[in-house]
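K.L.:
Before I ask anything, let me first share the structure, which is written out below as structure tokens.
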Amino acid sequence: MEARAIQTAVRQSARKMRLVIDQIRGRAVPEADAILRFSKKTAAVQIRKVLKSAVANAERSAERQNERLDVDTLRVRYAVVNEGPTLKRFTMAAMGRGTPIKKRTSHVEIRVGADAVASKPVPAPKAETKAKTKAVNPAAKPRGEAKAKAEKPAKKPRRKEK
């Protein structure tokens, strides 16, 4: 099950918000919430609101479908920040000119989903395959050394010109 939340026209540039959203992409919801709570960036406040909204939407949709949902098993599946409309303003400049000011906005979208990977147990590798991969010839040289010596041509002595 997947739920999403979108916040449009957040009054902060998308470039600054992407720095924060890159930290939580793919993480578990409790871990992402902790990262956002203790982040010094202003963008973390807005992104945390969107994350909490996405989690609440997931709980609500599970409740509608009469399913059980543990919030701790949710993961941030998709998190993206796109550019929103830019507010164009002008300020006074020297000699009667006006200098443009661009007040940028952004759209934040976060999707959370249940962690399907955690419920399936991962089989342990067989002992035979480990033994095969570790068999190395001790007399053989590492590839990097042999290659480096083979690539260097012999230097020719320089002739002095008069």
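What follows is calculated from the coordinates using simple rules that are stated; it is not laboratory data. All of these numbers come straight from a predicted model, not from anything done at the bench. Backbone-built Cβ (ideal geometry, glycine too); neighbour counts: all protein chains shown.
K.L.:
Go over the candidates VAL45, VAL10, VAL55 one by one and state the one that is within 26 Å of LEU69 (Cβ to Cβ), of a type in the set (A, V, I, L, M, F, W, C) and surrounded by 15 or more Cβ atoms within 10 Å (Cβ to Cβ).
P.N.:
Answer to the selection: VAL55.
K.L.:
Looking for something touching a Leu at 6+ places or on another chain (Cβ under 8 Å) and in contact (Cβ under 8 Å) with a residue 60 or more places away in the chain - is there at least one such residue anywhere in segment 61-78?
P.N.:
yes
K.L.:
Another question about this same structure. The conditions are (1) within 18 Å of GLU109 (Cβ to Cβ); (2) touching a helix residue (DSSP H, G or I) at 6+ places or on another chain (Cβ under 6 Å); (3) touching a residue at least 60 places away in the same chain (Cβ under 8 Å), and ALA43 fails exactly one of them. Which is it?
P.N.:
Looking at each condition in turn, ALA43 falls short on (3).
K.L.:
Please find, within segment 76-94, the residue that is farthest from the chain's Cα centre (by Cα) out of those that are surrounded by 12 or more Cβ atoms within 10 Å (Cβ to Cβ) and aliphatic (A, V, I, L, M).
P.N.:
Looking at the filtered set, the residue picked out is LEU87.
K.L.:
Hey, can you tell me all the residues within segment 4-31 that are part of a loop (DSSP other than H, G, I, E, B) and of a type outside the set (S, T, N, Q)?
P.N.:
Of everything in segment 4-31, those that are part of a loop (DSSP other than H, G, I, E, B) and of a type outside the set (S, T, N, Q) turn out to be ARG11, ARG25, GLY26, ARG27.
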